[in-house]
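Student: Could you have a look at this structure, given as structure tokens, before my questions?
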Amino acid sequence: MADAKTDQEPLLTPAVDDDGAPFWAHAARGELRIQACTACGELRFPPRPCCPHCQSFDSEWRRMSGRGRIWSYVFPHPPLLPAYAAQPGYNAIVVELADAPRIRLVGNLVTEPAAPLNSVAPDRLRIGAKVQVVFAELDGVTVPRWVLERP
């Protein structure tokens, strides 16, 4: 009989492309960095080769505080993919960064970096709740997750 754990489909992982590779490399070091245009200073996410504001191809990666607030959230019912069925009641959140309010990142609210995606009770999620980034390794890629700033 096959082991249920090895038969289970993996959770989704990001597709790392050339433009986004620095984002994931910084995440692997526990840093949240956002691409910024060195010509006009505008931050941009998702990463791309050309600034949508001034069309410059020059950029750098600025370190963010990792603080933000929940801008939106959802509890998928039923889970859309089989890999998520083992974690019913999990959340997907959109976080607006405190030091870059026009930048929003998608992730999950958890109690600690390696906690299951359903580790936070649904009634704890609120629009505007302050969160802090944490990082978790997921199938070879370090992904940002979020914890409540004051649990």
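Student: Anything in the range 104-128 that is part of a loop (DSSP other than H, G, I, E, B) and open to solvent by 20 Å² or more (accessible area, probe 1.4 Å)? List them, or say none.
Tutor: Listed by number, the residues that qualify are N108, T111, E112, P113, A114, P116, N118, S119, A121, R126, I127, G128.
Student: Does at least one position in the range 89-111 carry a residue that is in contact (Cβ under 8 Å) with a residue 60 or more places away in the chain, farther than 14 Å from V134 by Cα and of a type in the set (F, W, Y)?
Tutor: No; the residues of the range 89-111 include none that is in contact (Cβ under 8 Å) with a residue 60 or more places away in the chain, farther than 14 Å from V134 by Cα and of a type in the set (F, W, Y).
Student: When the residues of the range 11-44 are narrowed to those that are part of a loop (DSSP other than H, G, I, E, B) and of a type in the set (A, V, I, L, M, F, W, C), which ends up surrounded by the fewest Cβ atoms within 10 Å (Cβ to Cβ)?
Tutor: A15
Student: Assuming P101 fulfils every condition listed in (1) part of a loop (DSSP other than H, G, I, E, B); (2) loosely packed, with under 13 Cβ neighbours inside 10 Å; (3) under 17 Å from the mean Cα position of the chain (by Cα) apart from one, which condition is it?
Tutor: Single failed check for P101: (1).
Student: Which number in (1) of a type in the set (G, A, S); (2) at negative phi; (3) assigned to a loop (DSSP other than H, G, I, E, B) marks the one condition that A136 misses?
Tutor: Of (1) of a type in the set (G, A, S); (2) at negative phi; (3) assigned to a loop (DSSP other than H, G, I, E, B), only one is false for A136: (3).
Student: May I ask you to say which residue of V147, V95 is under 15 Å from the mean Cα position of the chain (by Cα) and surrounded by 20 or more Cβ atoms within 10 Å (Cβ to Cβ)?
Tutor: V95
Student: Here is a follow-up. So if I check each of W71, W61, which one is part of a strand (DSSP E or B), closer than 27 Å to R29 by Cα and in contact with an Asp or Glu (Cβ under 7 Å, 6 or more places away or on another chain)?
Tutor: Among W71, W61, only W71 is part of a strand (DSSP E or B), closer than 27 Å to R29 by Cα and in contact with an Asp or Glu (Cβ under 7 Å, 6 or more places away or on another chain).
Student: Among the residues of the range 45-68, which ones are touching a residue at least 12 places away in the same chain (Cβ under 8 Å) and either of a type in the set (G, A, S) or open to solvent by less than 50 Å² (accessible area, probe 1.4 Å) (or both)?
Tutor: Hits for the range 45-68 are P47, C51, S56, S59, W61, M64, S65, G66, G68.
Student: Quick one: H77 ticks every box in (1) part of a loop (DSSP other than H, G, I, E, B); (2) open to solvent by 70 Å² or more (accessible area, probe 1.4 Å); (3) free of Cβ contacts under 8 Å to residues at least 60 places away in the same chain; (4) closer than 16 Å to L11 by Cβ except a single one, so which number is it?
Tutor: Among (1) part of a loop (DSSP other than H, G, I, E, B); (2) open to solvent by 70 Å² or more (accessible area, probe 1.4 Å); (3) free of Cβ contacts under 8 Å to residues at least 60 places away in the same chain; (4) closer than 16 Å to L11 by Cβ, H77 violates only (4).
Here is a yes/no grid of residues against (1) within 15 Å of the chain's Cα centre (by Cα); (2) farther than 17 Å from D99 by Cα; (3) modelled with pLDDT of 95 or more:
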site	(1), (2), (3)
A4	no, yes, no
L12	yes, yes, no
A15	yes, yes, no
A21	yes, yes, yes
E42	no, no, yes
F45	yes, no, yes
W71	yes, no, yes
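The values are calculated or read from the model by the stated rules, or taken from the named source; none is laboratory data. Note that the coordinates shown come from a computational prediction; the quantities given were computed from them, not determined experimentally. Every residue, glycine as well, gets a Cβ built from its backbone with ideal geometry; the counts of neighbours run over all protein chains shown. Ligands, DNA and RNA are excluded from the accessible area calculation, which covers all protein heavy atoms including side chains. Shrake-Rupley method; radii C 1.70, N 1.55, O 1.52, S 1.80 Å.
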